[in-house]
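So the structure is just underneath, and the comments pick up after that.
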Amino acid sequence: MKKAFVKSYGCQMNAYDAARMADVLAAEGYAPTEAVEEADVVVLNTCHIREKAADKVYSELGRLRVLKNARAEAGRETKIVVAGCVAQAEGAEILSRAPSVDVVVGPQNYHRLTDLLVQSRQKRVVDTEFPVEDKFDHLPARRTHGVSAFLTVQEGCDKFCAFCVVPYTRGAEVSRSVAAILAEAEKLVRGGVREITLIGQNVNAYHGAGADGASATLPDLMRILQEIPGLLRLRYTTSHPNDMADALIAAHGTLPALMPYLHLPVQSGSDRVLKAMNRKHDAATYRDVIARIRAVRPDIALSSDFIVGFPGETEAEFAETMRLVAEIGFASAFSFKYSPRPGTPAADWADAVPEDVKSRRLAALQGLLDEQRHAFNAAAVGTVVEVLVEKAGRHPGQVAGKTPHLLPVQFDAPTSTIGTLVPVRIVRAGSNSLFGEAVPGAAVAGAAAAGAAAAA
Ligand code: SF4
């Protein structure tokens with residue numbers, strides 16, 4: 001039996017693409033394997049968002065070259081594929097830097113993976129031209145795994161933030177049709193999925209063709225999807241503050257399936273830095289969006305992205321970021337030191353912030369964000385929350401799942417509860433997970449808000 005090893009780096013979109021590439025290979029008879037040394041095809045689905053990410057790919061390729069040579073000596077052929085955003089950004093350069101690579105394929109072209117592997121028998125191939133055809137029309141049926149799944153509804157981005165490679169590696173914003181998304185969602189739910197996270201680089205800019213040919217927005221789409229029998233929860237990520245339309249904010253108060261969790265990157269609290277980043281909004285706009293969401297869904301869990309040390313960032317401007325964080329309070333967040341990305345406008349800008357200053361600022365920011373995350377987790381202790389059980393837990397007799405706020409919870413219950421909602425009293429908050437006890441039939445926290453949503 002031929003075997004395929006698919007490894008993905010970076011964002012949820014990459015995770016989704018990796019799952020679809022595994023579908024493409026499975027349709028060709030490749031069984032998935034977690035053991036790279038057994039694989040006849042190895043796919044690295046790469047991320048280009050930070051310097052370290054690209055470097056990691058080349059060191060991994062170095063290890064794979066040794067493995068490939070060892071398998072060749074044993075008469076076993078190994079095909080190495082580089083996919084994802086580094087493939088899109090660097091293309092043929094990867095073939096010259098890494099002689100063991102057979103195929104380089106961009107995020108919009110992986111529906112052609114089987115053909116490219118066949119072509120690579122003659123010569124090594126690169127396929128990163130943005131295709132005319134829509135890859136989704138050429139992908140095999142989606143195989144389902146587990147209780148929660150990502151579903152791409154929108155790709156690409158038209159925002160061109162000065163530090164970001166996405167508009168160059170993923171192209172312009174494209175939204176899938178409601179019909180195509182609905183068909184994929186229904187298939188997922190028939191396969192046992194109970195929670196779907198709608199993903200896009202700028203998911204709240206979604207504007208896909210509706211059944212009536214009119215343009216459907218994200219709340220329109222979610223209203224249709226939540227009617228799928230068996231689907232319990234909906235989430236969406238990643239959003240831009242400027243696309244948080246009134247209807248989308250209102251949906252957090254009216255759609256029972258939409259979970260009270262929002263990942264809304266802000267990057268900085270300083271208007272000058274936001275302008276330099278070309279984020280197209282100021283800090284006041286962000287604060288206003290948050291206030292309007294909290295007015296509709298007071299218990300919402302907020303998450304965000306932050307960059308410290310953007311070119312020219314002063315101590316005073318960093319202090320504005322700290323002030324915004326302290327004021328808003330985040331349940332979770334991702335924070336990074338600025339690293340110039342080749343091909344982005346900011347890459348060649350001078351007035352770089354010294355590395356040690358970046359490190360000090362990142363440590364201060366992460367200290368504050370950690371405090372807030374612990375406080376958010378601790379506030380759940382003593383409450384009864386509805387947990388969607390996803391899998392068996394770490395210990396025998398234990399299961400693991402997520403709260404509506406996307407917090408992981410471990411508690412004792414039979415695995416027959418996987419895929420169901422169980423009321424759980426939270427008894428302890430660990431650093432990364434909550435611990436609880438099942439309380440069948442108990443009223444759950446947030447039911448009021450959810451009830452209001454159902455009634456609306
Ligand atoms: S909105 Fe997000 S994906 Fe788009 S350019 Fe900005 S950071 Fe990149």
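The values are calculated or read from the model by the stated rules, or taken from the named source; none is laboratory data. A quick note: this is a predicted structure, and the numbers were derived from the prediction, not measured. Cβ: placed from backbone, ideal geometry, glycine included. Neighbour counts: every protein chain shown. We work out accessible area using only protein heavy atoms, side chains counted, and drop any ligands, DNA or RNA first. Shrake-Rupley method; radii C 1.70, N 1.55, O 1.52, S 1.80 Å.
When each of Leu218, Leu188, Leu139 is tested for being open to solvent by less than 40 Å² (accessible area, probe 1.4 Å), within 16 Å of the ligand (Cβ to nearest atom) and hydrophobic (A, V, I, L, M, F, W, C), the lone residue that passes is Leu218. Of the strands (runs of 3 or more DSSP E) lying entirely inside segment 235-344, those containing at least 3 residues that are assigned by TED's automatic domain parsing to the domain that holds Glu155 and under 16 Å from Lys358 (Cβ atoms) are 301-308, 332-337. Taking first residues from segment 113-125 that are within 17 Å of Asp17 (Cβ to Cβ) and partners that are part of a helix (DSSP H, G or I), the Cβ contacts under 9 Å between residues at least 6 apart in sequence or on separate chains come to Leu113/Met21; Leu113/Val24; Leu113/Leu25; Thr114/Val24; Thr114/Leu25; Thr114/Ala27; Leu116/Tyr110; Leu117/Leu25.
Considering the conditions (1) in a helix (DSSP H, G or I); (2) farther than 19 Å from Tyr261 by Cα; (3) free of Cβ contacts under 8 Å to residues at least 12 places away in the same chain, Asp370 is excluded by exactly one of them, (2). Considering every residue within segment 167-189, establish whether at least one is outside the structural domain of Asn14 (by TED's automatic domain parsing), in contact (Cβ under 8 Å) with a residue 60 or more places away in the chain, among the aromatic types (Phe, Trp, Tyr) and not in a helix (DSSP H, G or I). Looking for residues that are outside the structural domain of Asn14 (by TED's automatic domain parsing), in contact (Cβ under 8 Å) with a residue 60 or more places away in the chain, among the aromatic types (Phe, Trp, Tyr) and not in a helix (DSSP H, G or I), one finds none in segment 167-189, hence no.
For segment 257-297, the set of residues classified as open to solvent by 50 Å² or more (accessible area, probe 1.4 Å) and either within 16 Å of Leu406 (Cα to Cα) or in contact with a His (Cβ under 9 Å, 6 or more places away or on another chain) (or both) consists of Lys280, Val296, listed by residue number.
For (1) open to solvent by 20 Å² or more (accessible area, probe 1.4 Å); (2) more than 29 Å from Asp305 (Cα to Cα); (3) not in a loop (DSSP other than H, G, I, E, B), each residue gets a yes or a no:
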site: Gly382; (1), (2), (3): yes, yes, no
site: Leu388; (1), (2), (3): no, no, yes
site: His395; (1), (2), (3): yes, yes, no
site: Arg425; (1), (2), (3): yes, yes, yes
site: Ser431; (1), (2), (3): yes, no, no
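Selection of segment 6-43 for residues being open to solvent by 20 Å² or more (accessible area, probe 1.4 Å), under 22 Å from Gln108 (Cβ atoms) and not small (Gly, Ala, Ser) yields Val6, Lys7, Tyr9, Cys11, Gln12, Glu28, Tyr30. For segment 190-240, residues that are touching a Gly at 6+ places or on another chain (Cβ under 6 Å) and free of Cβ contacts under 8 Å to residues at least 40 places away in the same chain total 1.
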